[in-house]
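The values are calculated or read from the model by the stated rules, or taken from the named source; none is laboratory data. Worth saying up front: this structure is predicted, and the values here are computed from it rather than measured. Note that we place each Cβ from the backbone using ideal geometry, even for glycine, and neighbour counts take in every protein chain shown.
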């Protein structure tokens, strides 16, 4: 199906384990984003990517690693999970069309619990 | 001062009324403005965007932008219980690439 998907949808892991959250989009959008959403903080940008092999830090990058070898995939890795990384993670994508539009479209989210 | 501010609510309106959701932003260089709707446990869904001063209408939704006052609003006419959700305001500018800054959202409750 076309669109943006995330996997897994739910994940429980233990402190110190490595976890990778997957994001896949079929629109060939150039930009992709990872956000976390926590009560009281809203959506906070973790990392973003302007194109394959181009990534940059957002507001809260510590403890996370990203890569983007293909346009359609943007995995997020928690190298050593901590309880403070318990959150809902959203992937989004966007593209410039006509020079002005860059609306972001979100995936369904991954609810991660670190015990 | 937060970059994008919204009243957290809840904003409670009766069915059929007009719901007015407000958002202020601090960066005068902001050029694009978006409203997302987020149902509980779901992902944000884009419902409106506006780039120029004035009003933009789409069905029951109207976005209003006043760059001089650094203010953007969303009006929902004939509110329905199905409109009950959290509404997120997001702001962007070309110099930031495609990055958006989100407010923390206003929770809207439409009473039947």
Please verify whether the stretch A:52-62 includes one or more residues that are free of Cβ contacts under 8 Å to residues at least 12 places away in the same chain, out of contact with any helix residue (DSSP H, G or I) (no Cβ under 9 Å at 6 or more places or on another chain) and exposed (fewer than 13 other Cβ atoms within 10 Å of the Cβ). yes
Within chain B, which strands (runs of 3 or more DSSP E) (wholly inside it) include 1 or more residues that are within 14 Å of chain A (Cβ to nearest Cβ)? B:19-25, B:32-38, B:45-50, B:54-58, B:61-66, B:85-92, B:100-102, B:106-111
Going through the stretch B:15-67 one residue at a time, which ones are surrounded by fewer than 13 Cβ atoms within 10 Å (Cβ to Cβ) and free of Cβ contacts under 8 Å to residues at least 12 places away in the same chain? B:41, B:54, B:55, B:57, B:58, B:59
Of all strands (runs of 3 or more DSSP E) completely enclosed by the stretch A:49-115, which ones contain at least 3 residues that are modelled with pLDDT of 95 or more? A:64-66, A:76-78, A:87-94, A:110-114
Could you please let me know if residue B:96 is within 16 Å of residue B:3 (Cα to Cα) and either surrounded by fewer than 20 Cβ atoms within 10 Å (Cβ to Cβ) or modelled with pLDDT under 95 (or both)? yes
Of all residues in the stretch A:1-47 being more than 23 Å from residue B:36 (Cβ to Cβ) and in a loop (DSSP other than H, G, I, E, B), the one that is farthest from the other protein chains (Cβ to nearest Cβ): A:16
Only one residue in A:48, A:102, A:31 is free of Cβ contacts under 8 Å to residues at least 24 places away in the same chain and buried (at least 19 other Cβ atoms within 10 Å of the Cβ). Which one? A:48
Within the stretch B:71-87, tally of residues that are more than 19 Å from residue B:46 (Cβ to Cβ) and buried (at least 17 other Cβ atoms within 10 Å of the Cβ): 1
